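All of the numbers you see were taken from the coordinates with simple rules; none came from a lab. Quick caveat, the model's predicted, so the values are computed rather than measured. Counting neighbours? That spans all protein chains shown, and the Cβs are built from the backbone with ideal geometry, glycine included.
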Amino acid sequence: MSNSTLLAQPESYMAIYHELSQYNVHLNIFERLWASWYAYMQDDVIATGIMSFGMHEIVYFGRSLPWIIIDRIPYFNKYKIQGQKVPTISEQWACTRLVLLSHFTVELSQIWLFHPMAVACGMRTDVPFPAWTTMAVQIALFFVLEDTWHYWMHRALHWGPFYKYIHKIHHQYSAPFGLAAEYASPIETMILGAGTVLVPILWALISQNFHVLTMYLWIALRLFQAIDAHSGYEFPWSLHHFLPFYTGADHHDTHHERFIGNYASSFRWWDYVMDTQAGPEAAKRRRERKEAKLAKQAAKKVQ
C-alpha cells in the first residue's frame, strides 16, 4: 500500500484515519496511524522528515532528562563514576544550546536528505510493517557494523590534527553526562553519524528488504546507548554486568577521563583485539605482558 496516494484530497488527520480504518481492517492500529500520516501529508519526503526529526528530538532529550534529574539527587552520587564531577546547571544549559544548534543545522539537513537517498536504495515506507524478527536481526547487524565504523573513525579522530581541530570539542567534559552524547563539532557529527545512517542505507541497497520503521527503532536504540554511555553512572544493574562484551558508561567514562583508549561505541571486542583498552586494569595487563616478554627474551639469551 502506497503512502501519499491513499486519498487524493486530505481533510483532517483523524478524518483520514477513520476512513482508512473502514477499508483496511487487516492493518493494526499503528499501521493505520502510520498510513494516515503519510496520506495526510501528501508528500512522503516531508512526512518522513518531520517524523524523523521529531522522533530524534523526543528520544534524545527524553532519554537525557532522567540523567539530568539524577544529577540533582545526592543519593545517586555514590554511583557516579567520577563522583566529584557532577555537571552544574550552567554546564548542562551550555551543552544543550550547542546540541540544539547541531540538531537544527547539521542533523536536520542530513535527516531531510535521508528519505530520498534511502528510498532510491530500496527502503520502504508503506504498510504493513515488517515482522519484528526481521527488524531485530537487521538492528543487531547494524549495531555490529556501526560499532566497527565508530571504533576506527573515533580512533582516527584522536590523531593529532584531527583531535585538535575536530574531536577536542567533544572532550570538553572529562566527566561526561547524558546531554553531552552529541556535544561535538559538525564535522565529527557527520563522520561518526555516517556509521549510523549509511549502514542501513547500504543494507537497503543490498537486500532490498528494509523499512523506515526499522530505521527509527535502530536510531532510538543507538541514542539510548550513546546517552547511557555518557551518563557517568555505574550501577550494579548496568547492562555490561550481564553482557560482558557490552561497553556501558564505565567503558566510555574512562575514555573521557584519560582522553585515550576505549574507542568503540557499543561493544568491547575491537578495543580488546587492538589492545586499546583504557584504565588501570588494562594498563596492568599490558605491563605484565611486557614484563613476561622481556623475561622470555632474557631467558633465551642465557641459553
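Between region 154-197 and region 51-113, the alpha-carbon centres lie 15 Å apart. Length gained on full extension, GLN42 to ILE260, computed as 0.36 nm times the residue gap minus the Cα-Cα distance: 73.6 nm.
From least to most packed, judged by other beta carbons within 10 angstrom and beginning with the fewest, SER266, SER174 follow the order SER174, SER266.
Put a dot 7 Å past the Cα of PHE30, heading toward its Cβ, do the same for LYS300, and the two dots end up 5.9 nm apart. Only helices enter this figure: runs of n ≥ 4 DSSP H residues, each worth -39500 (n - 2.57), summed and divided by the residues of the chain, yield -20500 deg cm²/dmol at 222 nm to the nearest 500. With a Förster radius of 30 Å, plug the Cβ-Cβ distance of SER207 and THR105 into 1/(1 + (r/R0)^6) and report the FRET value to the nearest 0.05. Approximately 0.40, to the nearest 0.05.
Summary value for the chain: 20 percent relative contact order, contacts being C-alpha pairs under 8 angstrom separated by 6+ residues.
Length gained on full extension, ALA131 to LEU65, computed as 0.36 nm times the residue gap minus the Cα-Cα distance: 20.6 nm.
Against the main long axis of the alpha-carbon atoms of the chain, helix 108-120 sits at an angle near 70°.
In this structure, LEU141 and LYS85 have a Cβ-Cβ separation that, at R0 = 45 Å, corresponds to a calculated FRET efficiency of about 0.80.
Here percent of Cα pairs over 24 Å apart was calculated from the structure, and among (i) 59; (ii) 50; (iii) 70 it sits at label (i). Counting every other Cβ atom within 10 Å of each residue's Cβ, CYS95, CYS121 order from fewest to most as CYS121, CYS95. Straight-distance candidates among the lysines for linking to LYS80, with alpha-carbon spacing under 20 Å and chain neighbours fewer than 8 residues away dropped, are absent. Helix 13-23 and the longest principal axis of the Cα set of the chain meet at an angle near 70°.
Taking each residue as 0.36 nm, the span from HIS240 to TYR23 lengthens on full extension beyond its C-alpha to C-alpha distance by 73.4 nm.
Computed from Cα atoms, the angle from the helix 212-229 axis to the main principal axis of the chain rounds to 30 degrees. Residues LEU20, LEU141, LEU101, ranked from the fewest to the most other C-beta atoms within 10 Å, line up as LEU101, LEU141, LEU20.
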